[in-house]
Each structure stands twice: as structure tokens, then as C-alpha cells.
1. Just checking, how many residues over segment 155-185 are of a type in the set (D, E, K, R), surrounded by fewer than 17 Cβ atoms within 10 Å (Cβ to Cβ) and farther than 30 Å from L119 by Cβ?
2. From the list F26, F100, pick out the single residue that is hydrophobic (A, V, I, L, M, F, W, C), within 13 Å of the chain's Cα centre (by Cα) and over 30 Å from A191 (Cα atoms).
3. State the number of residues belonging to segment 44-97 that are in contact (Cβ under 8 Å) with a residue 60 or more places away in the chain, in contact with a His (Cβ under 8 Å, 6 or more places away or on another chain), in a helix (DSSP H, G or I) and not charged (D, E, K, R).
Amino acid sequence: MVALIHPSSTDHMQEDVRLRYHRLEFLGDAVWSLFVTDALMELCPSASEGELTRRRARLISAHALAQLAKVHGLPSLLALSQGEETTGGRQKVSILSSAFEAVIGAIYLDGGAEAIRRLAREACLSQPGDNELVRDPKTALQELTQSRFRTAPRYRILGRKGPPHAPMFEVVVTVGGSVIGQGSGPSKQEAERAAATAALAAFSPSVTTTSSSDIPSHH
């Protein structure tokens, strides 16, 4: 796939490969911005234009794209020059972000718009901060785990503390038997919401480095 052949690995005889890579990168940049915008419009119905703009800026930043590239295993698939290999090119934000855009462009041209739509929604749902702009965190987490793991999260009460008039519940949320979040609150519902919020933050692209198909290890 041309999208995985970084221009640094080509010579003057492969100018057409360079051109195709940069064209895919150009297309992917526009496509990703569009689908992120579409997802934010749906997921954040009460957000102002300014709030939507700030969230989109974070999701389309080079850092966010580089992290998404890592999440989906692109570093090991890239064809790089020997020079880039020896200087840690597979971890460079500039290289990974451009590769992610090129792959998005290639997927779009291959008729993969729906796959990009799902990826954009997942990125929006797992973005840290401004969680109040997104629907109920339990709903957001269920959509995320259904998209990523094809299963719904389960909540389990660990215990209850405090006097009868001021209880405090402790809850964990699991996927496939693995704990993905924990929270507490004055009611079971509030504790579950706190656990869901913690799980969404844990799935953030800015901190996740494992494959999107890997369920967190059991705790």
C-alpha cells in the first residue's frame, strides 16, 4: 500500500510513489476532519461552535493522529529510510501523523467511509476532558465498547461504605471480564457513571498505545 511507503524510503526513481503518498495524505487530512466534525455534531448536541472547534482541533492535531497511528499498529508497517530507522522515525509525531492521514485517504478511496466514520466516533468518545458535552458517559462507553470489542460493558458493585443516610458505593466496569474503570458515588447510578467516565479516559488516544482490538488485561 502506497500509504505505508514513507517518502523518506523512496529515491529519485520513485517520484510517482512520493506524489501518490502526499496526495493520499492531503485527502486523508480533509476526510478525517470531516468525519470528526460529523461525529462531534452528533455526540455533542449542546456544544457551542467554539467548544466543537476546540474538541476538533485536539482530535485532528498531529499528536492525536500520531497516537492513533500507534493504537492501530502503523509504526511496524511503515517503510522508512535507513536514516529514519536509526533516528527513531517510527516514533516521530510528524511521520506517524502523516502516515495516519495517508492511510485514511487510502481507506476512503477504497470505499471505507463507514470504517472511518466508526473510527472518528470512537476517537470522539474516548477524548478526555469536556465529558459534559457528550451524552451520558454510560451510553458513550457502551457505544465505544460495542464498536471496539463487539460487547457491552458490565458494572459490578465492589462495596458500600458510610452511614445509611450518606452511603458511598464503589463500582467497577468490565469488558470480557477485564476491569476497564472504577468509580464511586452516593448512589449506584452515580458510581456507575463515575466508573464509565474513568473507563472513557483510560481509552483516550493520548494515552493508549496498544492495539484497538486488545481488551485490557484482567485485574
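The values are calculated or read from the model by the stated rules, or taken from the named source; none is laboratory data. All values reported here derive from a predicted model rather than from experimental measurement. Heads up, the Cβs are rebuilt from the backbone with ideal geometry, glycines too, and the neighbour counts pull from every protein chain shown.
1. Residues meeting the conditions: 2.
2. Within the list F26, F100, the selection yields F100.
3. Count: 2.
A quick yes/no check of all residues on (1) closer than 18 Å to G176 by Cα; (2) modelled with pLDDT of 90 or more; (3) surrounded by fewer than 15 Cβ atoms within 10 Å (Cβ to Cβ); (4) more than 17 Å from the chain's Cα centre (by Cα):
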residue: A106; (1), (2), (3), (4): no, yes, no, yes
residue: A115; (1), (2), (3), (4): no, yes, yes, no
residue: R121; (1), (2), (3), (4): no, no, no, no
residue: S126; (1), (2), (3), (4): no, no, no, no
residue: N131; (1), (2), (3), (4): no, no, no, no
residue: P137; (1), (2), (3), (4): no, no, no, no
residue: L144; (1), (2), (3), (4): yes, no, no, no
residue: P153; (1), (2), (3), (4): yes, yes, no, yes
